[in-house]
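Here the structure comes first, spelled out in structure tokens, and everything after it is commentary.
Where a number appears in this text, it was derived from the coordinates with a stated rule and is not lab data. Note that the structure is a prediction, hence the values are computed from the model and not measured. FYI the Cβ positions are ideal-geometry reconstructions off the backbone, even for glycines, and counts take in every protein chain you see.
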Amino acid sequence: MLKYLLSRLLQGVVCIIGASVIIFVASRVSGDVTLLLLPPDATPEQQRIMRHELGLDKPYVVQYLLFAGRAVRGDFGKSYRWQTSALKLVLDRFPATIQLAVCALVFSVVVALFFGVLSAVYQGSWFDSFGKVFALLGQAMPGFWVGLMFILFFAVKLGLLPAFGRGGLKHLILPAVTLGWYSVAAQTRMVRSAMLDVLDSDYIQTARGVGVPRWILIWKYALRNAAIPLVTMLGVYFAAMLGGSFIIETIFAWPGVGRTVVEAIFARDYPVVQAGVLFTSIFFVLSNLLVDLAYGFIDPRIRYVR
Amino acid sequence: MSVAPPSQSAAAAQTLARRRGKAGLKGFASWLLRLPWFPLLILLVVFFCATVGPYVTPHDPGALNLSMALKPPSWQIGGTAAYPLGTDNMGRDILSRMILGAKISVIVAFWAILFSGAIGTLMGMFSGYFGGKIDMIIMRLVDIQMSVPALALALILSASLKPGMTTVIVVIVVTYWTWYARIVRGEVLSLKERDFIALARIAGCNAFMILLKHFLPNILNTLLVLATLQLGSVIIYEASLSFLGLGIQPPDVSWGLMLSDARPYISVAWWVITLPGLAIVLTCLGSNLFGDWLRDTLDPKRRQL
């Protein structure tokens, strides 16, 4: 187990280094930042001084190593726009992103368990067919458009929920449901097929024969095993929600990392973009790592095989 | 590579029908009935809009007419028959723009899937066939690629390159090739131990010929299914990028861009924000359903795709 843990950790580190290379290269191919930072009438001499100050006249490898060295110490440079530490800017917005992603995850899991179990139990009924249609539609709808439709319906037409900003629980509902929306379909299908397998298994048949009440049988004995695939995939879904937050936060003007990065891209504020994307990637790798470890803890059979 | 002759699925289904003892004309008729007509119809309409559509749009999709701005669809009070689906904030005809938008979606999806399929297949075949160091390097690349959230990578790339159609295609290829690489690698690994591969090697085939003539035909079905199933998500991806302003740029038209333009008018004009989105949903629904059907017909063992 320890050996496995170490090799997975090492793999995670390699991934994060790779991600930092991608981010570094991507932000260097964009052209000369000095043209953006200096007034348009700057002389070539001023440009040269600026480039020297930013270290842009050094070879790329050296530039990367400097970038990586500073990044490890949490120094991504100052935001061009706000003149404060880029990392601090990202960290300040991070709680809002986590809040949104966690709420979206809870929403999607609750809905998926409920609908997944019911459509397995009543397999072939109208409820099951409805679930199938719902899943098909869910996967065909772009998340941002679902968000826009929610705004149109619940905020504009009915005036029930606020469409923008962060505040009380009411502000959280629309963005969280939108962010969770895309995963609901996949999760429901996963729970449904796991539940169908479990309901067929011997121990459930035995329990049924012994006379265990139906709802205890389903919601306690069967669900425990049927939820394993979903639980082990939670990290993946969480990571997907971090990725989706870029666009959903922009739509709902949610003050999180995603919106900050998107705004920074338009302002060509590269330190903030680099800090935000690398930070998200690290979180992404960590959640995937947790998934692998969770496998071992939740399902002992896997642990012993390794 | 991801574009196989259309007769292939037909041929596969026909052999299937024949095996069930329904050969000949009757078998063909029953095969026709079992085609997924609803998704096929959607895809045909989209394809028609993308190819012929731009020449027959009712209005010039780029023509501004501020006196006709934000007219509702014709069935609503205030709508006119001249603009069946209404107009946007600049008085441009929504129907014409949606037709033109189909063209961009189809072009982007075609090239993106073709290149990501080709690159991913090549990488996956090398990885699976040669193993060892090559395998390790390629699979680490895949891991690294997947450790950056797809949209974050897309954002950083499209911010760095000049936004536009080529950039969108590049971004999608960079994100999607890993899917093909992983799946093709798995297929190659399982085929590698089969006798016919060993025989080909004994007969003196070099690695290139083996991959091309013996592996590729065997994974073509899987590739075709994967490509069809990804069509929908590629279209959504392009729309998302364009919506954020990092994808297709005006004067080109795309459904995502239309939504982005329409966003400020969400409280006054429901149609500008609903209709282009419906086009995306229907297209994705069509390609997902068609992909499901294709998978069940060609490659039933891959139910989890």
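Rounded to the nearest 0.05, the FRET efficiency derived from the C-beta distance between B:Trp37 and B:Leu216 at R0 = 35 Å is 0.65.
Between A:Leu160 and A:Gln205, 0.36 nm times their residue separation minus their Cα-Cα distance comes to what?
11.5 nm
If R0 is 41 Å, the Cβ-Cβ spacing of B:Arg201 and A:Trp219 corresponds to a FRET efficiency of close to 0.15.
Each of A:Arg28, A:Arg208, A:Arg224 was scored by other Cβ atoms within 10 Å of its Cβ. Arranged with the fewest first, they read A:Arg224, A:Arg208, A:Arg28.
Centroid-to-centroid, using Cα positions, the range A:124-193 and the range B:127-201 are 31 Å apart. From least to most packed, judged by other beta carbons within 10 angstrom and beginning with the fewest, A:Thr260, B:Thr167, B:Thr80 follow the order B:Thr80, B:Thr167, A:Thr260. With Cα atoms as the point set, the radius of gyration and Dmax of chain B evaluate to 22.6, 77 Å.
Between the listed residues A:Val184, A:Leu230, A:Gly209, the Cα displaced farthest toward the positive end of the dipole of the range A:170-230, a dipole computed from Cβ unit charges relative to the Cα centre, is found at A:Val184.
Across the protein assembly as shown, counting alpha-carbon atoms alone, Rg and Dmax equal 26.1, 88 Å. Kirkwood radius for the range A:84-138, taken over all pairs of different Cα atoms as the inverse mean of 1/r, rounds to 13.7 Å. Counting Cβ atoms of other protein chains within 10 Å of each residue's Cβ and taking the mean over peptide B:261-273 gives 2.
Here, chain A has an Rg and a Dmax of 24.1, 88 Å when only alpha carbons are counted.
Quote to one decimal, in nm, the extra length available between A:Ile49 and A:Asp197 on full extension: 0.36 nm per residue of separation minus the C-alpha distance between them.
That pair, A:Ile49 and A:Asp197, stretches by 46.5 nm at full extension.
Return the FRET efficiency for the residue pair A:Val14, B:Tyr55: r is the Cβ-Cβ distance, R0 is 35 Å, and the value is rounded to the nearest 0.05. Approximately 0.10, to the nearest 0.05.
Within 10 Å of each Cβ in peptide A:261-270, how many partner chain Cβ atoms are there on average? Round it to a whole number, please.
Values: counts 5, 7, 0, 2, 8, 4, 0, 2, 0, 3.
Average neighbour count from other chains, rounded to a whole number: 3.
Between B:Val253, B:Val281, B:Val56, the Gaussian network model of chain B with springs among Cα atoms under 10 angstrom shows the greatest mean-square fluctuation at B:Val56.
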